[in-house]
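Contents: one structure, followed by commentary.
Every number here is computed from the coordinates shown, using simple stated rules; none is lab data. Only a predicted model underlies this, so the values are computations on that prediction, with no experimental measurement involved. No Cβ is skipped: glycine too gets one built from the backbone with ideal geometry, and neighbour counts run over all protein chains shown.
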């Protein structure tokens, strides 16, 4: 399938990005003042104004508003691979398999009338149940998000919970997402310097959680009490189905 754009917003870590090593069609989206550092490291980049960066919601909205494609995949810049469970064995997708998976994902999204899709947030085999290969009301988290001409945008007031919020926006308007439960991303996330790590503190996380609950209500957004110190939400959407 032609017409899919693969983008990865990256902020102040030209030496820490790895996604493009595995999947070379992914383009790093970097601010103008960082561009030379990325380009000199051999990275393929889309250079955007400095004003578009510094807030993960803002840069993702910039990409959605300005990319030429209607079908867009956004990935974190620290993804070392996309994994898939086949029976009891985990396979990491090579380039051809990855692009084929994305093409199939968009075809299924079109068939189902889905605007926003993604994959499992956990690589643990226990998080994948073979009898539920797909979910239609799950949140889609930031490391891998796919947009099928989606008209909704990230809330710039929630740059640390923006993926949860966008998932709720989509579920509220369109009543479904699509999550491929056998697939998962392999990423460093909070351990990498730069990016959201520059402004992610426990205090900020707590503020963002409070804002998310205020926006959607405590019946839908709850704090995960078993998250080992992280401040993560549990989302309970009032929609029937898986």
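Here are some notes:
- Percent of Cα-Cα distances greater than 19 Å, calculated over region 4-191: 57
- The slack in the chain from residue 96 to residue 218, taken as 0.36 nm per residue of separation less the alpha-carbon distance, amounts to 39.6 nm.
- Most mobile listed residue (156, 203, 32) in the chain, GNM with C-alpha springs under 10 Å: 203
- Rough spin-label spacing in nm, given labels placed 7 Å along Cα→Cβ, for residue 108 and residue 205: 3.1
- The slack in the chain from residue 18 to residue 65, taken as 0.36 nm per residue of separation less the alpha-carbon distance, amounts to 14.4 nm.
- Computed helical MRE - 222 nm, the chain, DSSP H runs ≥ 4 contributing -39500 (n - 2.57), nearest 500: -8500 deg cm²/dmol
- For the chain, share of DSSP beta bridges that run antiparallel, in % to the nearest 5: 60
- Multiplying the residue separation of residue 129 and residue 39 by 0.36 nm and removing their Cα-Cα distance gives an extension gain of 28.2 nm.
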